[in-house]
Amino acid sequence: AARKLEISMPSVVEVEVGDTARIECNFYIPENASYTYIDWFYVDRSNKQVRLYHITANGVLQDDTDYKKRLSLGEDKSLSISEVTLQDPRTFVCQVGAGSYGVGESSTELRVYRRLPASPDLCSRLSLPPQIARCVSKNSFPPPNITWHKNGEQLHAQENQVTMPSTLTRESSGLYTVSSALYAPVTREDRHSRYHCTVHYWLRGQRRALDSQPVQVNIFYPAENLKLKVMPSSTLVKEGDNVTLVCEADGNPQPVFSFFKKNLDEWQDLTSLAEPDSGVLRLHDVNKTSNGTYRCQSLDLDDLSQIEEDVDLVVNYIEGVHVKMEPSSTLREGDSVTLSCDAYSPVGLKYQWRDDKGKKLVEGNQLFLKNLTFEKSNTFSCKVMAPSVPGLEQSKKVSVAVEGKPRIVAISSPLYVRQDQVINLTCKAIAFPPPTVQWSINGTAHEYVDNQHIASNLTVRVSHDLLRAGAMCRVSNSLGVSEERIQLLVGESAESQGVIIVAIIVAILVVAVLGAVIYFLHKKGKIPCGRAGKQDITKPEARKDKIVVEVKSDKLSEEAGLLQGANGEKRAAADQ
């Protein structure tokens with residue numbers, strides 16, 4: 001067992017601003033002897049001890065100090081300081097008197113901290129000497145320190161190379177502001193480098209770190225390389241496209257760009273057509289004259305150095321599309337013809353023939369047509385395509401004129417009419433060259449043309465002479481004449497005749513049903529098989545009900561025609 005007075009205290013107590021600090025004083029007196037007194041002190045800035053408490057068996061005496069209102073004692077005689085401030089960090093001493101065992105003392109350092117320092121502010125500014133950036137950390141306690149990093153690696157001071165001077169400022173609040181600047185030489189290779197600072201501080205006895213956001217430095221350097229690009233790719237440019245020439249340099253700031261096009265042995269200045277200060281030249285609706293060599297030239301305004309770069313622009317095109325017809329002489333109905341399509345292009349071509357409705361007829365540059373008629377399509381299109389250049393194509397239309405005398409294709413004959421009725425007579429023909437239509441009678445005529453067809457409608461009143469002679473439609477052109485007569489008939493129209501036919505069919509169906517009923521009754525035995533039975537049926541007096549089928553017609557000859565016998569001979573209407 002120990003034979004002397006022993007006192008133990010924590011060497012350091014850390015507490016956050018505003019919290020309560022508790023400092024323990026543990027002691028041992030041999031043979032369980034009692035203490036005579038316990039005194040608490042703090043060490044001021046002049047390194048003198050200032051008493052806070054004097055504790056004896058008779059009571060506790062608290063001295064009048066700045067801490068008086070914030071001090072308290074625990075049952076174990078520990079010292080508590082409430083609402084700790086940034087001015088409280090100092091050393092506290094516990095002294096114990098034990099009579100014959102003497103006097104002993106020990107001390108604890110009180111440290112105060114803020115929960116976290118404010119995030120560091122980092123600003124970049126390139127100057128001479130080259131200051132890369134400045135880092136500022138505010139509202140810290142105790143004072144932190146700042147380190148610098150480039151691309152994640154810590155930088156260290158080097159004489160005449162890297163320097164990192166810093167300043168420490170104590171604010172009125174008792175918190176500290178730390179500022180550090182980074183000075184270092186830079187080169188072109190540093191244009192992508194990222195710099196950041198790290199604030200190192202203490203918290204609960206541990207060293208912590210807080211990183212700033214990284215920054216990049218705007219470094220000025222002349223261009224070393226120049227690139228001139230054609231957008232889109234020059235191998236795919238076709239006539240009618242919009243092409244953009246883009247000039248790019250690796251200097252900072254960008255140099256001044258100029259554009260030129262080579263014409264024979266001279267260079268044509270195109271700078272006025274380019275977008276200002278952008279290195280972009282736009283060419284709209286290019287054609288084969290846009291082919292050639294283009295040049296971009298850069299000028300650095302600092303050292304007046306120049307760099308040039310050339311590019312060849314190739315514009316793919318199709319020209320001279322034409323169609324040849326064999327034979328080239330006038331074509332008549334029934335003839336045959338061959339259409340041949342040809343064109344020029346610096347790339348391979350493919351041909352396709354289509355009709356006037358866009359339907360594909362044949363692949364290849366030739367189209368063979370046989371047995372030509374007026375009605376067949378007479379407009380054809382040759383489509384020329386460049387498979388290696390998507391979208392590059394041209395078309396050429398050709399008309400095949402088939403000549404011949406007129407041919408009447410529709411006429412309103414025969415026509416059933418009534419005396420004094422106003423009727424329309426129609427005559428439609430086809431021909432080339434375009435024909436004219438003439439009527440053999442007078443009336444009001446209306447004509448309309450549809451492609452190679454011509455139609456004429458004649459409005460007339462039916463007269464005795466018209467019924468007797470009919471109407472003649474005469475169509476003619478330089479190659480001949482066609483004519484047809486319209487026959488006019490007095491009588492029922494086709495609709496009236498249709499009604500008569502329907503009535504006859506209904507009558508036949510009724511007779512058939514009646515016959516079926518009689519046959520059914522005969523099979524059932526309802527009707528006697530003898531002569532008397534037959535007489536009962538046929539005699540009008542034997543039946544109260546009658547079924548009468550009567551078909552009338554104003555034209556006996558037409559009715560008789562419908563009721564001809566199987567041998568072609570006509571029977572009298574009364575026999576039916």
So which of K357, K288 is charged (D, E, K, R), at pLDDT 90 or above and within 34 Å of the chain's Cα centre (by Cα)?
K288
Going through the stretch 332-345 in order, the residues found to be farther than 30 Å from P435 by Cβ and either surrounded by 15 or more Cβ atoms within 10 Å (Cβ to Cβ) or modelled with pLDDT under 90 (or both) are S340, C341, D342, A343, S345
Contacts under 7 angstrom Cβ, first residue in the stretch 454-483 being over 20 Å from T436 (Cα atoms) and in a strand (DSSP E or B), partner aliphatic (A, V, I, L, M) and open to solvent by less than 50 Å² (accessible area, probe 1.4 Å), 6 or more apart
none
The stretch 488-522 - residue that is assigned to a helix (DSSP H, G or I) and at pLDDT below 75 and, of those, surrounded by the most Cβ atoms within 10 Å (Cβ to Cβ):
I500
Mind checking which residues of the stretch 265-314 are within 13 Å of L245 (Cα to Cα), loosely packed, with under 14 Cβ neighbours inside 10 Å and aliphatic (A, V, I, L, M)?
L273
Failed item in (1) of a type outside the set (V, I, T); (2) touching a Lys or Arg at 6+ places or on another chain (Cβ under 6 Å); (3) over 18 Å from D285 (Cβ atoms), with F257 passing the rest
(2)
For the stretch 68-99, which positions are assigned to a loop (DSSP other than H, G, I, E, B) and closer than 21 Å to Y37 by Cα?
G74, E75, D76, K77, S78, A98
Restricting attention to the stretch 458-487, the residues that are surrounded by fewer than 18 Cβ atoms within 10 Å (Cβ to Cβ) and within 60 Å of the chain's Cα centre (by Cα) number exactly 0
Subset tally (residues that are farther than 13 Å from V490 by Cα and out of contact with any Ser or Thr (no Cβ under 8 Å at 6 or more places or on another chain)) for the stretch 418-427
0
Would you check if there is a residue in the stretch 371-388 being within 15 Å of K324 (Cβ to Cβ), touching a strand residue (DSSP E or B) at 6+ places or on another chain (Cβ under 9 Å), at pLDDT 90 or above and among the β-branched types (V, I, T)?
yes
Inspect all residues belonging to the stretch 178-201 and state whether any of them is touching a residue at least 60 places away in the same chain (Cβ under 8 Å), aromatic (F, W, Y) and within 30 Å of R90 (Cβ to Cβ).
yes
Condition check for V398: closer than 30 Å to N316 by Cα and surrounded by fewer than 18 Cβ atoms within 10 Å (Cβ to Cβ):
yes
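Listed here are the residues, each with its yes/no results for (1) surrounded by 12 or more Cβ atoms within 10 Å (Cβ to Cβ); (2) within 30 Å of R204 (Cα to Cα); (3) assigned by the TED database to the domain that holds G205; (4) free of Cβ contacts under 8 Å to residues at least 24 places away in the same chain.
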| position | (1), (2), (3), (4) |
| --- | --- |
| S11 | no, yes, no, no |
| V15 | yes, yes, no, no |
| I23 | yes, yes, no, no |
| Y28 | yes, yes, no, no |
| N32 | no, no, no, yes |
| T36 | yes, no, no, no |
| V43 | yes, yes, no, no |
| K48 | no, yes, no, yes |
| D63 | yes, no, no, yes |
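Here is a check on your reading of the model: is K324 of a type in the set (K, R), surrounded by 12 or more Cβ atoms within 10 Å (Cβ to Cβ), closer than 22 Å to K396 by Cβ and more than 38 Å from the chain's Cα centre (by Cα)?
Criteria met by K324.
The values are calculated or read from the model by the stated rules, or taken from the named source; none is laboratory data. Bear in mind the structure is a predicted one, so any value in this text is a computation, not a measurement. Note: ideal-geometry Cβ built from the backbone for every residue, glycine included; neighbour counts use all protein chains shown. SASA here: full protein model, heavy atoms, side chains in, ligands and nucleic acids out. Shrake-Rupley method; radii C 1.70, N 1.55, O 1.52, S 1.80 Å.
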